[in-house]
Amino acid sequence: MRVRTVVAAVLVTVGSVVVIGEPASATGQTVTVARACDSPSVGRADLTLAGDIENPVFDYLGPEPRAVTGMLTIPTAGLSGAVGVEGTVTVRLVAQTALGTSYPTRTLDLRPTQITPGQDAVIPVFGYATAAVPGRVWGSTTVDVDSVQFTLTGKRADWSDITPVSTTCVRGDQPTARWYSVTTMDMRPDYVPAPNPFSADATADSVTAHWGLTTATGYQVLLDDRVVATTGSNDTTATITGLTPETDYYVRVRPIDQLGRLVRSTAPIKVRTLPRTTTFPYTLTGTARVKGATVPLTGSLRTVLEAFSGKHTSDLTLDPTDVSARGTSAHLEFVPESPTTGTLSATVFTANARVAVVVKSVTVRGHRVLMPEGCRTAPVDLPLRSAAGFDPRLGGEVTAAFTVPPLTGCGPLTTTANALLTGGGNTVTLRLVG
């Protein structure tokens, strides 16, 4: 199943009544804290967090990860001229029950944010966290926010990296700030389990979720906690397209149950879409068979691959080499006539190269003769192609058959040079190493 953009949820209809299994109850809870930081770069931090906290928590199932959003506000003076930042924030909590106090932590993302000099940086927070309840302790738990720790990385206007900022911000004499209360219950509810196994992968503009079947009547696919697709009971995959390259997304799957039972969602998986283009530099070695003679080849290929289309533009460099046969040899250079283009499709790599062969010298019976500057062929077409299974990160073997056009501009030795090189039925095998 493919979904072009983020769309509204579609519910399963039974008769004239819309019914859907629900996750455990949730209560929206918000907390705001102001903390003094121990970094000379960032002296203070204001943090707001909001989450639909699961309540109650069934001890038999354990707490389920729920989305948490918010904002971190910090001064920009100490960010080394950054134009954009991202990072993580870790919140130290105080969880109190009738049996004691614990200090769990929860780590969330600080989403990529542009910085305006002279203004506070307001950085969106997003991630998933479970309710901070101790195991095997039933009853009420109150959860407060204590200290905040965050780490930021970023870029300046010239794309140089800023010095990473990592700091802990403490409450000092201030009291902890209440975030939420939750009750843990010793019950075994009737429920639909989370799909298992569950995985997700990404291209530059899409995320695909894969899951195992359950007893559900359908499935909802959530991207950053928004329902973006609804599938049938027998579907085990969905692809969401139209996404932004080089961006983090959280994906999870929630069962739909027409009996209205409790449903458990998969744990969220964080995936990052690929860049619009990726550059792969290769060294190359190989041989060409030209009119029965073996010609050693070395060089390089720099490939810029478009993630969306699989098309690439490459720079092919072949080092000078020699060809010999029947007591005569020629020293050759190769001049690219146009950019090398091709595709990577279904793990098959193609590269259509065009190079002119330039003869720099010819040696006959030990006597070397320099050739005129214009001694060369018309462009030679090399339709290079790999077998299936080409991995652009590692490289692989590519081959081609080709014809060498006649040489021109070689003076008295034109016939001799053509006897060595020109004609069809030639082959080349190159090994690209990433």
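The figures follow:
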read-out: Beta bridges per DSSP with both ends in the chain, % antiparallel, nearest 5; value: 95
read-out: Label-point separation in nm, T236 to T429, each point 7 Å along Cα→Cβ; value: 4.0
read-out: Selection from T298, F280, P412, by position along the positive dipole direction of segment 277-433 (Cβ); value: P412
read-out: Separation of alpha-carbon centers, segment 226-261 and segment 147-173, rounded to whole Å; value: 34
read-out: Mean residue ellipticity (222 nm) of the chain, computed from DSSP H runs ≥ 4 via -39,500 (n - 2.57), nearest 500; value: -500 deg cm²/dmol
read-out: When segment 277-433 is reduced to its Cα atoms, the Kirkwood hydrodynamic radius in Å; value: 16.2
read-out: Distance-filtered residues of segment 131-151 - backbone nitrogen under 20 Å, label point 7 angstrom along T73 Cα→Cβ; value: 145-151
read-out: Per-residue HN-Hα couplings for segment 40-53 [Karplus 6.51, -1.76, 1.60; θ = phi - 60°; Hz; x = Gly/Pro]; value: x, 7, 10, x, 8, 8, 10, 10, 10, 10, 9, x, 7, 6
read-out: Centroid-to-centroid separation of segment 184-214 and segment 310-365 [C-alpha atoms, Å]; value: 51
read-out: The chain, dipole about Cα centre (Lys/Arg Cβ +1, Asp/Glu Cβ -1), debye to the nearest 20; value: 1220
read-out: Distance histogram in 20 Å bins (all Cα pairs of the chain, percent per bin); value: 20, 35, 25, 15, 4, 0
read-out: Length released on extending from A419 to Q174, taking residue separation times 0.36 nm less the Cα-Cα span; value: 79.1 nm
read-out: Rough spin-label spacing in nm, given labels placed 7 Å along Cα→Cβ, for R365 and S166; value: 7.5
read-out: Extension gain, T107 back to S300 (0.36 nm per residue minus Cα-Cα distance, nm); value: 65.1 nm
read-out: Kirkwood Rh in Å, taken over all unlike Cα pairs in segment 76-176; value: 15.5
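Computed from the coordinates by the stated procedures, all read-outs in this text should not be read as laboratory data. Everything numeric here is computed off the predicted structure, so don't read it as measured data. A quick note on method: Cβ atoms are made from the backbone with ideal geometry, for glycine too, and the neighbour counts reach across all protein chains shown.
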